Structures are given as C-alpha cells and as structure tokens.
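Colleague: The structure's right below; bear with me while I get my questions together.
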Amino acid sequence: MTTDISKKGPEDTPPSSRPEAIRAIPVRHYGRYVAAVAAIAALGAIVYAFSQGDINWNAIPDNFFDDRILRGVRETLILTALSMLIGVVGGVILSVMRMSRNPVTSSIAWFYIWFFRGTPVLVQLFVWFNLGFVFDYVNLGPVYKDEWSDFMTPFLTALLGLGLNEAAYMAEICRAGLLSVDEGQTEASHALGMSHGKTLRRIVLPQAMRVVVPPTGNEVINMLKTTSLVAAVQYYELLRYAQDIGTSSGATVETLLLAACWYLIMTSILSVGQYYLERYYARGSSRTLPATPFQKIKANMLSLGNRSGVR
C-alpha cells in the first residue's frame, strides 16, 4: 500500500521542519520620549517664569467683556472684512490684467504688484496718513473737493493701507488659481461658442477656487492680525483700546495679553470656517472627503463602545 505524500496536511509535517512563529519586537522610539520630556520641561520653565512676575491675572477676566474691548473687536472685524473685500476684488482685476495680452494693462498690473508687495504695509500706512503735509486739498473738479485732513480720516487711511496692499498678494493668489486650470478647458468652451467672460465665470473660476481658497483663508487670518498695525495711525481697534485701558488702569501687560486672547479666539473661528470651506470646494477633486474632526471623534467613540460591548 502506497501513501500519497502530496496529500499530507500540516499536522503530518514533523515538528522539526515547521517554520517557527515570528516573534515581533516593537521598535522603541527613545527619541520621542526625550522630545516629550524636553517639551514638558520647556513648558514648565515658561509657566514658572511667568509665575515669578508681578502680573495681575485678575485684570484679564475683569476687562474681558469691557465695552471698549468689545467695540475694538467689532472695529477689527469690520476693518478685516472691508480690507479683504478690497483685496479680493482688486486681486481678481489685477490677476486678469496681469495675464492679459495687452502689454499696457499687463505692465500696470506688474508694477502695482511689485510696488505694494515690495514695501512694508506699515510704511504704506504712514504714507497715506502723512500725505496731508503734501496736499492741502483733495480736488476732483466738480465731483469732490475738500480739505485733506477731513477727507483722509484714520478709518480711510487704515482701509486704503490694508486693502490696497492685500490686493497685490491676492492678485498672485488668483493668478496661480487661474493658471492651475488646464488650457483645454478654455479652448473647449470657446469651441462651444462661449464668450471670454462667460468662460471665466462658469468654467475657469469654479475650478480655480480649489487652489485659491486655502491661501485666501490664510490671508484673511493674517489680515485680522495685521489690523493691529493701524493703531499707529490713530485708528481705534482692539489693540488701541487695550492700550488705552492698560494705560489708565496700570495693567499694561495684562491688557495686551487680553488682546492676544481675543485675537486667538477670532483666528480660531476663522480657521474652522476655512476648513469647511476647503472641504466644500474639494468635493470634485476626490471621491471621498476626509472625515471631519467631529466625525473622527464620533467614530472613535463608537469603536470604544463596540469594544466595551464585546468584552
């Protein structure tokens, strides 16, 4: 009687010839432990250093909802929104001019971007603020005529200084978004008889928004913080009101920390809005969108509940 060797199972294999089970030893990342200890030590040193100072921490919650602080928050948000509106509209116009085949409009847009990106925004604010030493009147003929000091108010100075500077940066952001759209899209729309303006509105801009939105969100957050510079041109916003409260109460550092807390709150809210706006415009670029933080928390809670139920 013969035995078919090919039909032998694993239990028929001699123990000496079986492969040994792999013993997996997890890799120990000692550098992570060292980095964590160093970070905790640095944080503890900072907390200890601040605890040694004569800081009146109660001044922060006492003035957190002061009428002047809330007025400063409102003025900061208004100035941010209007400056970004000027920047976005001006940036779109400048980007189209920059990409135009007309050498005159293209050169004007290039010079504008070169000048306003090449000079600090604080210098531009001071230039607008001090033009009264050069011009006594604003004379636009029959349209408008007034003294420069009455025309160029601190609010208009801040608005022009921030908005015109932002237009130069938004122009390059918009230009990058327009260039990201394949030229075949434009050629196909023209072949269908669509005009240049309709092609720009219905074909190019919706696709360019995926590239434009993330840096634009960063510019909005940066603009919110840049509004603190207008305190130098006598415009009252959050920082200027906080400085006045600190000067009158003697809590200078405390009110500056209070202003920093309000800036953190506003930038955090804008960051959340930017995140969901990016998700909205990313719908056509990927089949499945990544889970939001709330969805991740919900999934983790459900997985923990299932594990506890199994046990």
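The values are calculated or read from the model by the stated rules, or taken from the named source; none is laboratory data. All figures in this text were calculated on a predicted structure; none of them were measured in a lab. Virtual Cβ from ideal backbone geometry, glycine too; neighbours counted across all protein chains shown.
Colleague: Suppose we filter Asp67, Asp136, Asp62, Asp146 for residues that are free of Cβ contacts under 8 Å to residues at least 12 places away in the same chain, over 25 Å from Leu258 (Cβ atoms) and acidic (Asp, Glu); which single one remains?
Modeller: Asp146
Colleague: Looking at region 43-84 only, could you name the residues that are aliphatic (A, V, I, L, M) and more than 30 Å from Glu166 (Cβ to Cβ)?
Modeller: Selection gives Leu43, Ala45, Ile46, Val47, Ala49, Ile55, Ala59, Ile60.
Colleague: Can you tell me which of (1) touching a Ser or Thr at 6+ places or on another chain (Cβ under 8 Å); (2) hydroxyl-bearing (Ser, Thr, Tyr); (3) closer than 27 Å to Asp244 by Cβ is the one Ser106 doesn't meet?
Modeller: (3)
Colleague: Give the residue that is nearest to Pro214 (Cα to Cα), with candidates limited to residues of region 174-202 that are modelled with pLDDT of 80 or more and aliphatic (A, V, I, L, M).
Modeller: Taking the candidates together, the pick is Ala176.
Yes/no matrix, rows are residues, columns are (1) at pLDDT 90 or above; (2) β-branched (Val, Ile, Thr):
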| site | (1), (2) |
| --- | --- |
| Val47 | no, yes |
| Asn58 | no, no |
| Phe65 | yes, no |
| Leu79 | yes, no |
| Val89 | yes, yes |
| Ser100 | no, no |
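Colleague: Within region 101-136, can you find the residues that are of a type in the set (A, V, I, L, M) and over 23 Å from Met152 (Cα atoms)?
Modeller: Once the filter is applied, which keeps residues that are of a type in the set (A, V, I, L, M) and over 23 Å from Met152 (Cα atoms), region 101-136 yields Val104, Ile108, Ala109, Ile113.
Colleague: Residue by residue through region 183-195, note down the ones that are within 31 Å of the chain's Cα centre (by Cα) and either of a type in the set (Val, Ile, Thr) or surrounded by 11 or more Cβ atoms within 10 Å (Cβ to Cβ) (or both).
Modeller: Gln185, Thr186
Colleague: Quickly run through region 244-269 and pick out the residues that are among the hydroxyl-bearing types (Ser, Thr, Tyr) and closer than 21 Å to Ser51 by Cβ.
Modeller: Scanning region 244-269 gives Thr252, Thr255.
Colleague: Of the conditions (1) touching a residue at least 12 places away in the same chain (Cβ under 8 Å); (2) part of a helix (DSSP H, G or I); (3) more than 23 Å from Glu237 (Cα to Cα); (4) touching a Lys or Arg at 6+ places or on another chain (Cβ under 8 Å), Gly72 satisfies every one except a single condition; which number is it?
Modeller: Among (1) touching a residue at least 12 places away in the same chain (Cβ under 8 Å); (2) part of a helix (DSSP H, G or I); (3) more than 23 Å from Glu237 (Cα to Cα); (4) touching a Lys or Arg at 6+ places or on another chain (Cβ under 8 Å), Gly72 violates only (3).
Colleague: What residue, among those in region 28-69 that are of a type in the set (Lys, Arg) and assigned to a helix (DSSP H, G or I), is surrounded by the most Cβ atoms within 10 Å (Cβ to Cβ)?
Modeller: Among them, the one singled out is Arg68.
Colleague: Where in region 141-205 are there helices (runs of 4 or more DSSP H), lying wholly inside it, with at least 1 residues that are within 23 Å of Phe111 (Cα to Cα)?
Modeller: Answer list for region 141-205: 154-180.
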